[in-house]
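Coordinate-derived values only; no laboratory data. Remember, predicted model here, so these are calculated numbers, not experimental data. Reconstructed Cβ throughout: ideal geometry from the backbone, glycine too, with neighbour counts over all protein chains shown.
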Amino acid sequence: MKKNSGILSFAVAAALAAAGFSGSAFATNGYQLIGIGQYAIGMGGAVVAAPDDPLSAAISNPAGLALLKPQAAFSAEIFNPTRKTNMGAGEIGSHTNIYGVPAIGWVAPAFGDGIVFGGGVYGTSGLGVNYLQQIPSQIPGYPSSYAQAFSSINFMQMAPSIAMKVDHHLAVGATLNIAAEQASFQQTMTEYAPGTIQTANGPQSMAVPLTGGLNLSSPSWAYGVGFTLGALYKVNDMVTLGFTYKSPIWFTPLTWQAGAQNLVQQSGPAAGSGAAGAAGQYSGHLNYPQQIALGLAIRPTQQWLISVEGQWINWASTLNNFKIYGPWEAYYQNQPVKGMSDMALPTHWKNQWVASIGTQYDVNHWLQVRMGYNYGSNPIQANNIGNNLIFPAVVENAITFGSTQKLGMGWKLTEAYMHEFANTVTGAAGTAPFGPMAPSATLAENSFGVQVGYDF
């Protein structure tokens with residue numbers, strides 16, 4: 001948007017509780033899973049220095065593939081988020097709270113001694129809500145107004161990887177991240193106003209529904225590519241260091257064929273100001289952020305593993321402002337303002353720091369048990385929660401438990417449970433999109449998964 005459309009900031013922020021993008025609704029660190037596969041989840045996501053299967057290695061640290069036996073793994077997870085919000089007229093909950101998260105991975109020798117090829121296909125991130133807020137009518141005898149808030153992102157990734165064991169200390173690896181994302185969202189308000197219709201008996205009074213807001217609810221797909229570089233360094237039999245750099249995943253534009261958009265404020269201090277869009281094509285880029293992770297794995301005994309990890313996720317580069325391009329026209333006090341080419345949804349996410357620790361103990365030759373803890377700083381600040389009510393990625397603390405049973409003949413079964421403690425973020429009164437109450441978002445999560453693995 002050009003400079004002279006900056007007058008829209010207040011109007012747009014008030015009109016949109018804006019920016020949730022998701023769908024398969026699995027998220028913990030921002031809208032990214034703490035780990036892929038049940039081993040990684042059971043370890044609280046702390047696997048950069050201790051990958052143990054092709055699922056955790058290809059996504060978290062591809063260098064780990066060089067240390068694995070040829071094998072394949074399939075994971076199926078049930079994810080259960082609980083979401084609530086207050087858009088200014090009372091707290092409501094979101095519908096549809098059960099989702100499935102699949103993942104499959106493999107590793108096998110290739111191209112010579114010490115070199116392996118692996119990878120997988122994963123559902124790696126997402127979050128979504130579906131709210132319907134009833135708002136009492138300001139006109140006696142007329143139906144209640146209602147707000148609809150919907151968001152959906154599906155993020156799927158294919159990760160072909162190559163890794164090499166350089167010597168008995170160092171392993172390196174690389175992954176090509178090929179991804180597809182689907183995004184759609186809506187934040188509209190429907191009010192009833194006096195109107196008339198012509199009948200055989202003359203004009204008749206009736207309640208006419210008037211809907212305003214942003215409606216890009218038809219799904220749009222985009223496709224992207226990025227890369228991951230990883231290294232593992234075995235200091236000695238007790239200590240291993242891990243490092244991973246993930247580039248951004250650069251996506252093609254999301255595009256929507258949509259009807260008219262109306263974000264012009266009808267009342268209040270910004271009455272007559274905002275943005276309106278004609279029916280046509282709208283588009284926007286939603287790239288996936290770059291990340292850096294460092295890990296340390298320690299084996300105090302042969303049976304006992306402790307792994308710790310620190311991670312930085314660059315959300316500010318992708319979700320500071322989400323720009324939507326289209327046939328927009330700006331208005332100020334009911335007068336058109338020239339020069340508007342895009343509208344920025346003011347999500348204003350911060351970069352995120354993640355700390356995790358996991359431990360595993362080999363009870364005997366066929367049973368391993370593990371547990372973990374994951375903390376991710378909240379990327380959404382309280383003073384900006386009103387702009388993120390349909391994207392409530394506000395959880396911070398998770399605990400996990402897991403186990404593996406080695407069943408013989410190369411087969412193994414792994415389970416994990418995750419509980420992400422509920423967290424509520426509340427903004428200031430007057431910053432909610434609908435109504436005078438303070439805006440708030442609450443999120444809690446549970447997941448349970450089973451993984452089947454086979455060593456060739």
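Each principal axis of the Cα cloud of the stretch 32-138 was evaluated for its coordinate range; sorted largest first, these ranges are 75, 20, 18 Å. Evaluating 6.51 cos²θ - 1.76 cosθ + 1.60 at θ = phi - 60° for every residue in the stretch 380-395, the Karplus couplings come out as 10, 7, 4, 6, 10, 5, x, 8, 10, 5, 9, 9, x, 7, 10, 5 Hz, glycine and proline recorded as x. For the stretch 109-115, 3J(HN,Hα) computed residue by residue from phi via the Karplus equation (6.51, -1.76, 1.60; θ = phi - 60°) reads x, 6, 6, x, 4, x, 10 Hz, glycine and proline entered as x.
Please give the residues of the stretch 351-393, grouped as numeric ranges, whose backbone N is less than 15 Å from a label point set 7 Å along the Cα-to-Cβ vector of W304. Within reach of a label on W304: 358-364, 369-371.
Taking every alpha-carbon pair in the stretch 314-393 and binning the separations at 5 Å intervals from zero gives 3, 12, 14, 13, 11, 11, 9, 7, 6, 5, 3, 2, 2, 1, 1, 0 percent.
Taking a straight line from the alpha carbon of K246, these lysines sit under 26 Å away, with near neighbours fewer than eight places off in the same chain left out: K69, K165, K234, K323, K350. Phi angles across the stretch 35-44 convert, under the Karplus curve 6.51 cos²θ - 1.76 cosθ + 1.60 with θ = phi - 60°, into 3J(HN,Hα) values of x, 10, x, 7, 5, 5, 5, x, 8, x Hz, Gly and Pro given as x.
Of the listed peptides 329-335, 416-422, what is their order by residue-averaged count of other C-beta atoms within 10 Å, with the highest listed first?
Values: 329-335: 15.3, 416-422: 19.7.
Ranking, from highest mean packing down: 416-422, 329-335.
Our note on the geometry: Cα centres of the stretch 133-185 and the stretch 289-316, 23 Å apart. Neighbours of S94 by Cβ distance under 15 Å: Lys/Arg scored +1, Asp/Glu scored -1, total 0.
Of the residues P102, I59, G226, the one whose Cα sits farthest toward the positive end of the charge dipole of the chain, with +1 on the Cβ of Lys and Arg and -1 on the Cβ of Asp and Glu, is G226.
Across the chain, Cα pairs under 8 Å and at least six residues apart give a relative contact order of 21 percent. A full extension of the chain between L407 and L241 corresponds to an added length of 56.7 nm, given 0.36 nm per residue minus the alpha carbon distance. Sorted into 20 angstrom bins from 0, the C-alpha pair distances of the chain split as 25, 48, 22, 5, 0 percent.
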